[in-house]
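Heads up, the thing below is written out as C-alpha coordinates.
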Amino acid sequence: MHDVISPVTEEIVASVPSTSVEETDAAIAKAHRAFQAWRQVAPGDRARLLRRFAALVDEHNEELAQLEIRNSGHTIGNARWEAGNVRDVLNYYAGAPERLSGRQIPVAGGMDVTFYEPLGVVGIIVPWNFPMPIAGWGFAPALAAGNTVVLKPAELTPLTAMRLGELALEAGLPEDVLTVLPGKGSVVGERFVTHPLVRKVCFTGSTEVGKRIMAGCAEQVKRVTLELGGKSANIVFADADLAKAAASAPGAVFDNAGQDCCARSRLLIQSSVYDRFMGLLEQSVKAFRCEDPSLETAQMGPLISKAQLASVRSYVDNAAFSGSAPDGPGYWMAPTVIEAASAQDRHWREEIFGPVLSVLRFDDEADAVRLANDTEYGLSGSIWTGDLGRGIRVARGVEAGNLSVNSHSSVRYWTPFGGVKQSGLGRELGPDAVAAFSEVKNVFFSTEV
(Lines give C-alpha, C1' and ligand atoms only; values in the text may rest on other atoms or scores of the structure.)
Protein backbone atom coordinates (compact mmCIF):
# COMPACT_ATOMS: atom_id res chain seq x y z
CA MET A 1 0.00 0.00 0.00
CA HIS A 2 1.05 3.59 -0.65
CA ASP A 3 -0.04 6.48 1.56
CA VAL A 4 -1.34 9.55 -0.27
CA ILE A 5 -0.40 12.75 1.57
CA SER A 6 -2.31 16.03 1.40
CA PRO A 7 0.05 18.89 0.46
CA VAL A 8 -2.31 21.25 2.28
CA THR A 9 -2.32 19.55 5.70
CA GLU A 10 0.53 16.99 5.41
CA GLU A 11 -1.96 14.35 6.60
CA ILE A 12 -2.69 10.96 5.02
CA VAL A 13 -5.85 11.21 2.92
CA ALA A 14 -5.88 7.65 1.54
CA SER A 15 -3.90 4.44 1.25
CA VAL A 16 -3.74 3.07 -2.26
CA PRO A 17 -2.56 -0.36 -3.44
CA SER A 18 0.61 -0.40 -5.51
CA THR A 19 0.14 -2.59 -8.58
CA SER A 20 2.76 -5.31 -9.02
CA VAL A 21 4.41 -6.44 -12.26
CA GLU A 22 2.26 -9.57 -12.27
CA GLU A 23 -0.92 -7.55 -11.75
CA THR A 24 0.14 -5.15 -14.49
CA ASP A 25 0.70 -8.03 -16.90
CA ALA A 26 -2.72 -9.46 -16.03
CA ALA A 27 -4.40 -6.08 -16.60
CA ILE A 28 -2.67 -5.65 -19.98
CA ALA A 29 -3.77 -9.16 -21.00
CA LYS A 30 -7.36 -8.36 -20.03
CA ALA A 31 -7.22 -5.07 -21.92
CA HIS A 32 -5.95 -6.94 -24.98
CA ARG A 33 -8.85 -9.37 -24.79
CA ALA A 34 -11.32 -6.52 -24.29
CA PHE A 35 -9.88 -4.76 -27.33
CA GLN A 36 -11.15 -7.47 -29.68
CA ALA A 37 -14.74 -6.64 -28.72
CA TRP A 38 -14.35 -2.89 -28.15
CA ARG A 39 -12.99 -2.28 -31.63
CA GLN A 40 -16.12 -3.94 -33.05
CA VAL A 41 -18.54 -1.67 -31.15
CA ALA A 42 -20.49 0.36 -33.72
CA PRO A 43 -19.17 3.92 -34.02
CA GLY A 44 -22.48 5.43 -32.90
CA ASP A 45 -22.61 3.16 -29.85
CA ARG A 46 -19.02 3.98 -28.90
CA ALA A 47 -19.89 7.67 -29.21
CA ARG A 48 -22.92 7.28 -26.95
CA LEU A 49 -20.84 5.54 -24.27
CA LEU A 50 -18.28 8.34 -24.32
CA ARG A 51 -21.03 10.95 -24.05
CA ARG A 52 -22.53 9.05 -21.11
CA PHE A 53 -19.09 8.97 -19.48
CA ALA A 54 -18.82 12.74 -20.01
CA ALA A 55 -22.24 13.30 -18.46
CA LEU A 56 -21.27 11.32 -15.36
CA VAL A 57 -18.06 13.29 -14.99
CA ASP A 58 -20.13 16.46 -15.18
CA GLU A 59 -22.53 15.18 -12.51
CA HIS A 60 -19.56 14.46 -10.24
CA ASN A 61 -17.67 17.67 -10.98
CA GLU A 62 -17.74 18.96 -7.41
CA GLU A 63 -16.82 15.57 -5.95
CA LEU A 64 -13.84 15.29 -8.29
CA ALA A 65 -12.80 18.88 -7.58
CA GLN A 66 -12.88 18.39 -3.81
CA LEU A 67 -10.93 15.15 -4.19
CA GLU A 68 -8.27 17.00 -6.19
CA ILE A 69 -7.95 19.67 -3.50
CA ARG A 70 -7.29 17.00 -0.86
CA ASN A 71 -4.93 15.00 -3.04
CA SER A 72 -3.10 17.67 -5.09
CA GLY A 73 -3.69 20.99 -3.32
CA HIS A 74 -5.19 22.57 -6.42
CA THR A 75 -7.36 25.63 -5.93
CA ILE A 76 -11.08 24.97 -6.08
CA GLY A 77 -11.41 27.09 -9.21
CA ASN A 78 -8.71 25.13 -11.00
CA ALA A 79 -10.02 21.76 -9.80
CA ARG A 80 -13.53 22.46 -11.08
CA TRP A 81 -12.09 23.55 -14.41
CA GLU A 82 -9.97 20.38 -14.59
CA ALA A 83 -12.94 18.07 -14.03
CA GLY A 84 -14.88 20.12 -16.57
CA ASN A 85 -12.02 19.72 -19.02
CA VAL A 86 -12.28 15.92 -18.76
CA ARG A 87 -16.00 16.24 -19.53
CA ASP A 88 -15.36 18.53 -22.49
CA VAL A 89 -12.58 16.39 -23.94
CA LEU A 90 -14.77 13.28 -23.71
CA ASN A 91 -17.62 15.10 -25.45
CA TYR A 92 -15.28 16.42 -28.13
CA TYR A 93 -13.88 12.99 -28.99
CA ALA A 94 -17.31 11.36 -28.72
CA GLY A 95 -17.82 12.96 -32.13
CA ALA A 96 -14.82 11.15 -33.58
CA PRO A 97 -15.92 7.50 -33.99
CA GLU A 98 -18.58 8.41 -36.57
CA ARG A 99 -16.21 10.74 -38.44
CA LEU A 100 -13.03 8.65 -38.51
CA SER A 101 -13.23 8.12 -42.26
CA GLY A 102 -10.49 7.10 -44.64
CA ARG A 103 -10.05 8.13 -48.27
CA GLN A 104 -10.70 6.80 -51.73
CA ILE A 105 -7.53 7.39 -53.75
CA PRO A 106 -7.62 7.41 -57.59
CA VAL A 107 -5.46 4.60 -58.98
CA ALA A 108 -5.20 2.68 -62.23
CA GLY A 109 -6.84 -0.73 -62.59
CA GLY A 110 -9.11 -0.62 -59.59
CA MET A 111 -10.21 1.16 -56.45
CA ASP A 112 -7.98 2.10 -53.53
CA VAL A 113 -9.31 2.97 -50.07
CA THR A 114 -7.80 3.64 -46.66
CA PHE A 115 -9.08 2.73 -43.20
CA TYR A 116 -8.14 3.95 -39.74
CA GLU A 117 -7.55 0.87 -37.58
CA PRO A 118 -7.10 1.06 -33.78
CA LEU A 119 -3.67 0.16 -32.41
CA GLY A 120 -4.68 -2.12 -29.54
CA VAL A 121 -3.74 -1.52 -25.92
CA VAL A 122 -2.50 2.02 -25.16
CA GLY A 123 -0.48 2.74 -22.01
CA ILE A 124 -0.90 6.23 -20.56
CA ILE A 125 1.44 7.53 -17.85
CA VAL A 126 0.05 10.61 -16.10
CA PRO A 127 2.05 13.15 -14.03
CA TRP A 128 1.16 14.56 -10.63
CA ASN A 129 0.73 18.20 -11.64
CA PHE A 130 -2.53 17.90 -13.63
CA PRO A 131 -3.88 14.42 -12.85
CA MET A 132 -7.37 14.78 -14.35
CA PRO A 133 -6.95 16.72 -17.61
CA ILE A 134 -3.82 14.93 -18.79
CA ALA A 135 -5.48 11.56 -18.17
CA GLY A 136 -8.44 12.68 -20.31
CA TRP A 137 -6.22 14.02 -23.09
CA GLY A 138 -4.90 10.47 -23.46
CA PHE A 139 -7.80 8.15 -22.85
CA ALA A 140 -10.56 10.10 -24.64
CA PRO A 141 -9.09 10.04 -28.18
CA ALA A 142 -7.60 6.57 -27.61
CA LEU A 143 -10.98 5.11 -26.66
CA ALA A 144 -12.73 6.99 -29.47
CA ALA A 145 -10.38 5.37 -31.98
CA GLY A 146 -11.30 1.91 -30.69
CA ASN A 147 -8.31 1.19 -28.46
CA THR A 148 -8.36 -0.04 -24.89
CA VAL A 149 -6.38 1.85 -22.26
CA VAL A 150 -4.28 1.01 -19.23
CA LEU A 151 -3.51 4.17 -17.27
CA LYS A 152 -0.93 4.74 -14.55
CA PRO A 153 -1.54 7.84 -12.40
CA ALA A 154 1.35 9.43 -10.54
CA GLU A 155 2.09 7.87 -7.14
CA LEU A 156 1.50 11.22 -5.43
CA THR A 157 -1.88 11.93 -7.05
CA PRO A 158 -3.81 8.76 -7.97
CA LEU A 159 -7.21 9.50 -6.46
CA THR A 160 -9.06 11.37 -9.22
CA ALA A 161 -7.83 8.98 -11.92
CA MET A 162 -9.09 6.04 -9.88
CA ARG A 163 -12.47 7.73 -9.49
CA LEU A 164 -12.63 8.41 -13.24
CA GLY A 165 -12.03 4.70 -13.83
CA GLU A 166 -15.04 3.92 -11.62
CA LEU A 167 -17.19 6.46 -13.45
CA ALA A 168 -16.25 4.89 -16.79
CA LEU A 169 -17.68 1.58 -15.61
CA GLU A 170 -20.80 3.29 -14.24
CA ALA A 171 -21.25 4.91 -17.66
CA GLY A 172 -21.34 1.48 -19.28
CA LEU A 173 -17.86 1.14 -20.75
CA PRO A 174 -17.12 -2.59 -20.83
CA GLU A 175 -14.86 -4.10 -18.19
CA ASP A 176 -11.13 -3.73 -18.96
CA VAL A 177 -11.61 -1.10 -21.67
CA LEU A 178 -10.23 1.60 -19.33
CA THR A 179 -8.12 0.29 -16.45
CA VAL A 180 -6.42 2.50 -13.86
CA LEU A 181 -3.32 0.94 -12.30
CA PRO A 182 -1.87 2.93 -9.39
CA GLY A 183 1.74 2.13 -8.60
CA LYS A 184 5.36 2.94 -9.19
CA GLY A 185 6.63 4.23 -12.49
CA SER A 186 9.55 1.81 -12.26
CA VAL A 187 7.06 -1.06 -12.07
CA VAL A 188 3.81 -0.22 -13.88
CA GLY A 189 5.10 2.45 -16.25
CA GLU A 190 8.16 0.41 -17.14
CA ARG A 191 5.94 -2.56 -17.99
CA PHE A 192 3.90 -0.40 -20.37
CA VAL A 193 7.17 0.26 -22.20
CA THR A 194 8.42 -3.34 -22.28
CA HIS A 195 5.19 -5.33 -22.70
CA PRO A 196 4.68 -6.31 -26.37
CA LEU A 197 0.87 -6.08 -26.17
CA VAL A 198 1.03 -2.37 -25.32
CA ARG A 199 1.17 -0.79 -28.77
CA LYS A 200 1.61 2.85 -27.77
CA VAL A 201 2.81 4.76 -24.72
CA CYS A 202 1.77 8.33 -23.87
CA PHE A 203 3.96 9.94 -21.24
CA THR A 204 3.85 13.37 -19.64
CA GLY A 205 6.66 14.21 -17.25
CA SER A 206 10.32 15.07 -17.08
CA THR A 207 12.59 15.13 -20.10
CA GLU A 208 15.01 12.75 -18.37
CA VAL A 209 12.37 10.04 -17.89
CA GLY A 210 10.88 10.72 -21.32
CA LYS A 211 14.21 9.92 -22.97
CA ARG A 212 14.35 6.56 -21.18
CA ILE A 213 10.79 5.75 -22.25
CA MET A 214 11.56 6.69 -25.85
CA ALA A 215 14.64 4.46 -25.84
CA GLY A 216 12.64 1.57 -24.39
CA CYS A 217 9.85 1.95 -26.94
CA ALA A 218 12.41 1.98 -29.75
CA GLU A 219 13.35 -1.63 -28.97
CA GLN A 220 9.87 -2.73 -30.10
CA VAL A 221 9.33 0.09 -32.61
CA LYS A 222 6.47 1.08 -30.32
CA ARG A 223 4.64 4.35 -30.87
CA VAL A 224 5.21 7.03 -28.27
CA THR A 225 3.92 10.52 -27.52
CA LEU A 226 5.98 12.59 -25.09
CA GLU A 227 5.03 15.87 -23.41
CA LEU A 228 8.08 16.84 -21.40
CA GLY A 229 9.68 19.77 -19.61
CA GLY A 230 9.48 23.46 -20.35
CA LYS A 231 11.13 26.77 -19.60
CA SER A 232 8.79 29.06 -21.45
CA ALA A 233 9.37 32.74 -22.10
CA ASN A 234 6.98 35.62 -21.51
CA ILE A 235 8.23 38.43 -23.80
CA VAL A 236 7.04 41.96 -23.06
CA PHE A 237 7.79 44.65 -25.65
CA ALA A 238 7.73 48.37 -24.86
CA ASP A 239 4.68 48.91 -27.07
CA ALA A 240 2.56 46.36 -25.15
CA ASP A 241 -0.28 47.18 -22.78
CA LEU A 242 2.09 47.09 -19.80
CA ALA A 243 -0.60 47.20 -17.15
CA LYS A 244 -2.40 44.21 -18.63
CA ALA A 245 0.82 42.29 -19.19
CA ALA A 246 1.96 42.90 -15.62
CA ALA A 247 -1.42 41.99 -14.16
CA SER A 248 -1.49 38.68 -16.03
CA ALA A 249 2.15 37.66 -15.58
CA PRO A 250 1.79 36.15 -12.06
CA GLY A 251 -0.98 33.80 -13.14
CA ALA A 252 1.11 32.70 -16.11
CA VAL A 253 3.83 31.32 -13.85
CA PHE A 254 2.37 30.89 -10.35
CA ASP A 255 -0.81 29.06 -11.34
CA ASN A 256 -0.73 25.57 -9.80
CA ALA A 257 2.20 26.84 -7.69
CA GLY A 258 4.34 26.98 -10.82
CA GLN A 259 4.06 23.21 -11.27
CA ASP A 260 3.23 23.48 -14.94
CA CYS A 261 5.37 22.60 -17.95
CA CYS A 262 3.82 25.59 -19.74
CA ALA A 263 4.59 28.06 -16.94
CA ARG A 264 6.02 31.33 -18.29
CA SER A 265 8.92 31.11 -15.85
CA ARG A 266 11.30 33.32 -17.89
CA LEU A 267 10.14 36.93 -18.16
CA LEU A 268 11.87 39.03 -20.84
CA ILE A 269 11.24 42.77 -20.56
CA GLN A 270 12.39 45.34 -23.11
CA SER A 271 15.07 47.54 -21.52
CA SER A 272 13.32 50.85 -22.16
CA VAL A 273 10.34 49.86 -19.95
CA TYR A 274 12.12 47.48 -17.57
CA ASP A 275 11.92 49.57 -14.39
CA ARG A 276 8.35 50.67 -15.03
CA PHE A 277 7.20 47.13 -15.71
CA MET A 278 8.96 45.72 -12.64
CA GLY A 279 7.08 48.25 -10.50
CA LEU A 280 3.76 47.10 -11.95
CA LEU A 281 4.76 43.46 -11.61
CA GLU A 282 5.63 43.83 -7.93
CA GLN A 283 2.14 45.13 -7.20
CA SER A 284 0.59 42.15 -9.05
CA VAL A 285 2.78 39.57 -7.33
CA LYS A 286 2.09 40.93 -3.86
CA ALA A 287 -1.64 40.87 -4.59
CA PHE A 288 -1.55 37.25 -5.83
CA ARG A 289 -3.48 35.13 -3.34
CA CYS A 290 -1.61 32.06 -2.09
CA GLU A 291 -3.95 30.54 0.48
CA ASP A 292 -6.10 27.58 1.48
CA PRO A 293 -7.03 26.11 -1.93
CA SER A 294 -10.59 25.36 -0.83
CA LEU A 295 -11.29 29.11 -0.64
CA GLU A 296 -13.05 30.58 -3.65
CA THR A 297 -10.54 33.45 -3.65
CA ALA A 298 -7.43 31.24 -3.83
CA GLN A 299 -5.17 31.73 -6.84
CA MET A 300 -2.42 29.38 -5.71
CA GLY A 301 -2.10 26.48 -3.29
CA PRO A 302 0.90 24.60 -1.87
CA LEU A 303 3.52 22.60 -3.71
CA ILE A 304 2.87 18.90 -4.07
CA SER A 305 5.41 17.50 -1.59
CA LYS A 306 8.12 18.25 0.95
CA ALA A 307 10.76 17.13 -1.55
CA GLN A 308 9.42 19.42 -4.26
CA LEU A 309 9.38 22.36 -1.85
CA ALA A 310 13.02 21.75 -0.92
CA SER A 311 13.99 21.49 -4.57
CA VAL A 312 12.32 24.77 -5.49
CA ARG A 313 13.77 26.63 -2.51
CA SER A 314 17.28 25.60 -3.56
CA TYR A 315 17.00 27.98 -6.54
CA VAL A 316 16.26 31.06 -4.44
CA ASP A 317 18.91 33.10 -2.65
CA ASN A 318 18.30 36.79 -3.41
CA ALA A 319 14.72 37.55 -4.43
CA ALA A 320 13.84 40.89 -6.00
CA PHE A 321 10.44 40.66 -4.28
CA SER A 322 7.86 38.08 -3.32
CA GLY A 323 4.26 37.65 -2.32
CA SER A 324 2.94 35.92 0.77
CA ALA A 325 2.03 32.38 1.78
CA PRO A 326 0.34 30.76 4.80
CA ASP A 327 2.30 29.59 7.85
CA GLY A 328 1.82 26.23 9.52
CA PRO A 329 1.28 22.78 7.99
CA GLY A 330 1.48 22.32 4.24
CA TYR A 331 4.14 22.71 1.56
CA TRP A 332 3.78 26.45 1.14
CA MET A 333 6.04 28.87 -0.69
CA ALA A 334 5.37 32.48 -1.55
CA PRO A 335 5.37 33.56 -5.21
CA THR A 336 8.92 34.76 -5.83
CA VAL A 337 10.61 36.94 -8.46
CA ILE A 338 14.37 36.82 -9.15
CA GLU A 339 16.33 39.14 -11.43
CA ALA A 340 18.82 37.27 -13.60
CA ALA A 341 22.33 38.66 -13.84
CA SER A 342 22.76 36.85 -17.16
CA ALA A 343 21.21 34.16 -19.31
CA GLN A 344 23.61 31.66 -17.71
CA ASP A 345 22.06 31.86 -14.24
CA ARG A 346 20.86 28.47 -12.99
CA HIS A 347 17.40 29.74 -12.13
CA TRP A 348 17.10 31.16 -15.66
CA ARG A 349 18.15 27.97 -17.45
CA GLU A 350 16.70 25.06 -15.44
CA GLU A 351 13.08 24.03 -15.05
CA ILE A 352 12.32 24.85 -11.41
CA PHE A 353 8.70 23.63 -11.39
CA GLY A 354 7.67 25.96 -8.62
CA PRO A 355 6.48 29.54 -7.97
CA VAL A 356 9.69 31.24 -9.08
CA LEU A 357 9.84 33.81 -11.89
CA SER A 358 13.20 34.73 -13.44
CA VAL A 359 13.46 38.16 -15.09
CA LEU A 360 15.91 39.41 -17.72
CA ARG A 361 15.97 42.51 -19.91
CA PHE A 362 16.39 42.55 -23.71
CA ASP A 363 17.22 45.27 -26.22
CA ASP A 364 15.31 44.67 -29.44
CA GLU A 365 13.22 42.12 -31.32
CA ALA A 366 16.18 40.05 -32.49
CA ASP A 367 17.60 39.98 -28.95
CA ALA A 368 14.24 38.82 -27.55
CA VAL A 369 13.99 35.92 -30.00
CA ARG A 370 17.62 34.92 -29.36
CA LEU A 371 17.13 34.83 -25.59
CA ALA A 372 13.78 33.04 -25.84
CA ASN A 373 15.36 30.33 -27.98
CA ASP A 374 18.45 29.95 -25.79
CA THR A 375 17.12 26.84 -24.05
CA GLU A 376 16.87 23.11 -24.65
CA TYR A 377 13.11 23.38 -24.17
CA GLY A 378 10.37 24.59 -26.51
CA LEU A 379 6.89 23.98 -25.17
CA SER A 380 5.02 27.25 -24.82
CA GLY A 381 5.33 30.99 -24.37
CA SER A 382 3.74 34.43 -24.68
CA ILE A 383 4.43 37.60 -26.64
CA TRP A 384 3.06 40.97 -25.53
CA THR A 385 3.07 43.72 -28.15
CA GLY A 386 0.75 46.29 -29.72
CA ASP A 387 2.28 45.65 -33.15
CA LEU A 388 0.51 42.86 -35.07
CA GLY A 389 3.40 42.43 -37.48
CA ARG A 390 5.86 42.05 -34.63
CA GLY A 391 3.57 39.54 -32.95
CA ILE A 392 3.55 37.41 -36.10
CA ARG A 393 7.31 37.72 -36.68
CA VAL A 394 8.26 36.84 -33.13
CA ALA A 395 5.74 33.98 -32.94
CA ARG A 396 7.27 32.48 -36.08
CA GLY A 397 10.77 33.04 -34.72
CA VAL A 398 10.38 31.56 -31.24
CA GLU A 399 11.01 27.82 -31.12
CA ALA A 400 7.99 26.52 -29.22
CA GLY A 401 5.03 24.30 -29.97
CA ASN A 402 2.38 26.60 -28.46
CA LEU A 403 2.48 30.38 -28.37
CA SER A 404 0.03 33.14 -27.47
CA VAL A 405 0.13 36.80 -28.44
CA ASN A 406 -1.26 39.14 -25.77
CA SER A 407 -2.47 36.08 -23.90
CA HIS A 408 -1.12 33.23 -21.78
CA SER A 409 -3.29 30.38 -23.01
CA SER A 410 -1.49 27.15 -23.94
CA VAL A 411 -4.07 24.40 -24.06
CA ARG A 412 -7.38 24.28 -25.89
CA TYR A 413 -8.79 20.83 -26.54
CA TRP A 414 -9.83 21.90 -30.07
CA THR A 415 -6.20 22.59 -31.06
CA PRO A 416 -2.97 20.54 -31.12
CA PHE A 417 -0.68 20.70 -28.09
CA GLY A 418 2.95 19.61 -27.76
CA GLY A 419 6.55 20.73 -27.73
CA VAL A 420 9.67 20.98 -29.85
CA LYS A 421 13.31 20.25 -29.01
CA GLN A 422 13.49 18.49 -25.62
CA SER A 423 9.96 19.47 -24.65
CA GLY A 424 8.43 16.51 -26.40
CA LEU A 425 7.51 14.46 -29.41
CA GLY A 426 4.12 14.33 -31.13
CA ARG A 427 0.94 16.24 -30.43
CA GLU A 428 -2.07 15.75 -28.19
CA LEU A 429 -5.60 17.15 -28.51
CA GLY A 430 -7.09 18.87 -31.53
CA PRO A 431 -8.92 17.30 -34.47
CA ASP A 432 -6.04 14.99 -35.42
CA ALA A 433 -5.46 13.32 -32.04
CA VAL A 434 -7.59 10.28 -32.89
CA ALA A 435 -5.41 9.59 -35.92
CA ALA A 436 -2.40 9.44 -33.58
CA PHE A 437 -4.06 6.41 -31.94
CA SER A 438 -4.74 4.69 -35.28
CA GLU A 439 -2.91 2.89 -38.06
CA VAL A 440 -3.68 3.77 -41.67
CA LYS A 441 -4.48 0.62 -43.63
CA ASN A 442 -4.47 0.76 -47.42
CA VAL A 443 -6.61 -1.70 -49.45
CA PHE A 444 -6.63 -2.05 -53.24
CA PHE A 445 -9.54 -3.69 -55.12
CA SER A 446 -8.77 -4.75 -58.66
CA THR A 447 -11.49 -4.06 -61.24
CA GLU A 448 -9.68 -5.65 -64.16
CA VAL A 449 -11.48 -8.50 -65.93
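The values are calculated or read from the model by the stated rules, or taken from the named source; none is laboratory data. Fair warning: this is a prediction, and the values are worked out from it, not measured in the lab. FYI the Cβ positions are ideal-geometry reconstructions off the backbone, even for glycines, and counts take in every protein chain you see. Remember, those area values only see protein heavy atoms, side chains included, never the ligands or the DNA or RNA. Shrake-Rupley method; radii C 1.70, N 1.55, O 1.52, S 1.80 Å.
Observations
- Highest-MSF residue in the chain out of Gly330, Gly183, Gly386 [GNM, Cα springs under 10 Å]: Gly386
- Percent of beta bridges antiparallel (DSSP, the chain, rounded to nearest 5): 35 percent
- The alpha-carbon of Lys30 sits under 15 angstrom from the alpha-carbons of these aspartates and glutamates, leaving out residues fewer than 8 places away in its chain: Glu22, Glu175, Asp176.
- Candidate lysines - alpha carbon under 24 Å from Lys244, same-chain residues fewer than 8 apart omitted: Lys231, Lys286
- Virtual spin-label span in nm between Asp432 and Asp25, 7 Å along Cα→Cβ: 3.9 nm
- Dipole of region 276-358 [Lys/Arg +1, Asp/Glu -1 at C-beta], most positive-end residue of Ile304, Ile352, Pro329: Ile352
- At R0 = 41 Å, FRET efficiency that the Cβ-Cβ distance of Lys211 and Thr447 yields, to 0.05: 0.25
- Percent accessible area from carbon and sulfur atoms, the chain, protein chains only, probe 1.4 Å: 51 percent
- Theoretical FRET efficiency, 1/(1+(r/R0)^6), r = Cβ-Cβ of Ser342 and Ala287, R0 25 Å, to 0.05: 0.25
- Pairs from the list Lys152/Lys421; Lys211/Lys306; Lys222/Lys421 with a Cα-Cα gap above 23 Å: Lys152/Lys421; Lys211/Lys306.
- Remark: region 162-220 carries a charge dipole of roughly 280 debye about the Cα centre, counting +1 on each Lys and Arg Cβ and -1 on each Asp and Glu Cβ.
- At most 15 other Cβ within 10 Å, DSSP loop - chymotrypsin sites (Phe, Trp or Tyr not before Pro), region 333-426: Trp414
- With Cα atoms, 0 to 90° folded angle of helix 131-144 axis to the chain main axis: 30 degrees
- Note on the chain: helix-only mean residue ellipticity at 222 nm, from DSSP H runs of 4+ residues weighted -39500 (n - 2.57) and normalised by residue number, equals -11500 deg cm²/dmol.
- Spin-label proximity, Glu175 to region 37-66 - amide N less than 16 Å from point 7 Å beyond Cα toward beta carbon: 37-38
- 10 Å beta-carbon shell around Thr204, net charge (K/R +1, D/E -1): -2
- Rounded tilt (10° steps) of 61-72 against the dominant C-alpha axis of the chain: 60 degrees
- Against the chain, whose longest principal axis is taken from its Cα atoms, helix 43-59 shows a tilt of about 40°.
- You can think of it this way: the chain between Lys306 and Asn406 has 32.5 nm of extra reach, that is 0.36 nm per residue less the Cα-Cα gap.
- Max mean-square fluctuation residue, GNM over the chain, Cα-Cα springs under 10 Å, options Arg223, Arg396, Arg266: Arg396
- Highest mean packing first, where packing is the average number of other Cβ atoms within 10 Å per residue, the peptides 276-286, 318-328 line up as 276-286, 318-328.
- The chain, accessible area per residue, ligands and nucleic acids excluded (1.4 Å, Å²): 41 Å²
- Relative contact order of region 42-135, defined on C-alpha pairs under 8 angstrom at six or more residues apart (%): 30 percent
- Peptides 32-42, 101-111, 155-165 ranked from most to least packed by the mean count of surrounding Cβ atoms within 10 Å: 155-165, 32-42, 101-111.
- Cα gyration tensor, region 257-300 - rounded (a/c under 1.5), prolate or oblate: oblate
- The slack in the chain from Asp241 to Asp364, taken as 0.36 nm per residue of separation less the alpha-carbon distance, amounts to 42.6 nm.
- Calculated Cα Rg over 2.2 N^0.38 Å (choose from (i) 1.79; (ii) 0.94; (iii) 1.02), label: (iii)
- For the chain, the relative contact order works out to 18 percent when only alpha carbon pairs closer than 8 Å and six or more residues apart are counted.
- Maximal additional length on extending the Val221-Ala55 stretch stands at 56.1 nm, based on 0.36 nm per residue less the C-alpha distance.
- Net charge, Val398 excluded, C-beta distance under 13 Å - Lys, Arg +1, Asp, Glu -1: +4
- In this simple spin-label model, placing a label point 7 Å from the Cα along the Cα-to-Cβ direction at both Gln104 and Asp45 gives a separation of 2.8 nm.
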